[in-house]
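This report concerns only the one structure given below.
The values are calculated or read from the model by the stated rules, or taken from the named source; none is laboratory data. These numbers were taken from a predicted model, which means no experiment stands behind them. We place every Cβ from the backbone using ideal geometry, glycine too, and count neighbours over all the protein chains shown. Accessible surface areas use protein heavy atoms only, side chains included; no ligands, DNA or RNA. Shrake-Rupley method; radii C 1.70, N 1.55, O 1.52, S 1.80 Å.
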Amino acid sequence: MSILLNADLHCHSVVSDGTLTPEALAARAHANGVELWALTDHDEIGGQHRAAAAARALGMAYLTGTEISVTFAGTTVHIVGLGFDPDDEQLASGLAATRGGRGERAQEMSRQLAQVGIRDAYEGALKYVGNPELISRTHFARFLVETGVCRDTPEVFRKYLTEGKPGYVPHRWAALGDAVRWVTEAGGMAVIAHPARYKFTANEEYALFSEFKQHGGRGVEVVTGSHSPAEYVTYAAMAQEFGLAASRGSDFHSPEESHTDLGALPGLPGQLTPVWELLADRIRPAA
């Protein structure tokens, strides 16, 4: 498969914090010209068999996926896993442990919002949750927009739910080494998701890439929905410096909320090795 392939290897369904079913996402990806697709729900692989079946029915190649929440240098970092066995028990139990604690965190977020006059936020957020184990800030944001507290999701995150603002509750996620190991031992490849989003210092970022590589991580998202064209160049260079394969994914969550639609990204820079070349034997071919 060439570097010019329209691959979208990062998106979310109702199984985590997206608004579409795996089947609807598959149809949207296919309609937008995606040739290789992966569903990467947060800390969850419950939608994998549905996504693979939907892709196959549409004649679209598929890679299994998930996006694992990791705590690194006091910051939440996301590691995308691709091409693993979706029935791997160690991966499933690791993700279940990572999901644990979201409910308590959500209750505390709701208590903080109540202190600034926003009542019943937990109950309101639950209306948007397909999987109660995965209640997240995104679900609270949808409630705050629906009730008119904020105009849109970006305003929510400017005023609430982020560090120093009402409703922000930190959570310790998986360790970086554990996340990479779960994916790798399940036959897949670990990829650093949207690295420009973390706002690390240069030293912290270097430490992330170095430790990730030491643990067996093999890829980085270079072209993704939250990266600018300049950041494509920056992380293409980082991929080369660390000997990592390059991934591409929209991080699509919802037709109403996402800036970048499935399949709409520019291609990977040509000097890079795409992750799908290294995962060729893990791709479920089109029917």
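Which value at 222 nm does the chain reach when only helices count, each DSSP H run of 4 or more adding -39,500 (n - 2.57), with the total divided by all residues and rounded to the nearest 500 deg cm²/dmol?
My calculation for the chain gives -11000 deg cm²/dmol from helical runs alone.
For 172, 56, 137, give me the order by solvent-accessible area with a 1.4 Å probe, most accessible first, ignoring ligands, DNA and RNA.
Descending order: 172, 56, 137.
Considering the zone a paramagnetic label at residue 204 would reach in this model (a point 7 Å from Cα along the Cα-to-Cβ line), which residues of the range 76-95 have amide N under 20 Å from it?
From the range 76-95, the list is 76-80.
If you roll a 1.4 Å probe over the range 164-287 with all protein chains in place, what percent of the accessible area is carbon or sulfur?
49
In Å, what is the Rg of the alpha-carbon atoms in the range 179-253, and how long is Dmax?
Rg, Dmax (Cα atoms, Å): 12.0, 34.
What percentage of the solvent-accessible surface of the range 1-121, computed with a 1.4 Å probe over protein heavy atoms, is contributed by carbon and sulfur atoms?
Here carbon and sulfur together make up 51 percent of the probe-accessible area.
Just to verify a number: what accessible area does residue 182 come out at with the full protein assembly present, 1.4 Å probe, Å² rounded to tens?
So the heavy atoms of residue 182 present about 30 Å² to solvent.
In the Gaussian network model of the chain, springs joining C-alpha atoms below 10 Å, which of 98, 260, 162 carries the largest mean-square fluctuation?
In the Gaussian network model the winner is 162.
For the range 1-142, calculate the relative contact order in percent as a whole number, restricting contacts to Cα pairs under 8 Å that are 6 or more residues apart.
On the way: 237 pairs, mean separation 30.0, N = 142.
Once normalised by length, the contact order is 21 percent.
According to the square roots a ≥ b ≥ c of the eigenvalues of the Cα gyration tensor, what is the shape class of the range 209-287, taking rounded for a/c under 1.5, prolate for a/b larger than b/c otherwise, and oblate for the remainder? Display every interim value, and only then the final one.
Working: a/c = 1.81, a/b = 1.22, b/c = 1.48.
In terms of gyration-tensor shape, oblate.
Taking 2.2 N^0.38 Å as the expected size of a compact globular protein, what ratio does the Cα radius of gyration of the range 41-181 give against it, to two decimals?
Numbers: Rg = 16.7 Å, N = 141, 2.2 N^0.38 = 14.4 Å.
Ratio of Rg to 2.2 N^0.38 Å for the range 41-181: 1.16.
Quick one: give the max-minus-min coordinate of the C-alpha atoms of the chain along each principal axis, largest first, in Å.
54, 45, 38
Taking a probe of 1.4 Å, how large is the accessible area per residue of the chain, in Å²?
41
Return one number: the angle in degrees, 0 to 90 and rounded to the nearest 10, between the long axis of the Cα atoms of helix 102-115 and the longest principal axis of the Cα atoms of the chain.
40
Could you tell me which of rounded, prolate or oblate describes the range 155-279, using a ≥ b ≥ c as the square roots of the eigenvalues of the alpha-carbon gyration tensor, with rounded for a/c under 1.5 and, failing that, prolate when a/b is larger than b/c and oblate otherwise?
oblate
Loop by DSSP (not H, G, I, E, B), at most 10 other beta-carbon atoms within 10 Å: where is the longest site-free stretch of the chain for GluC sites (Glu not before Pro)?
1-162
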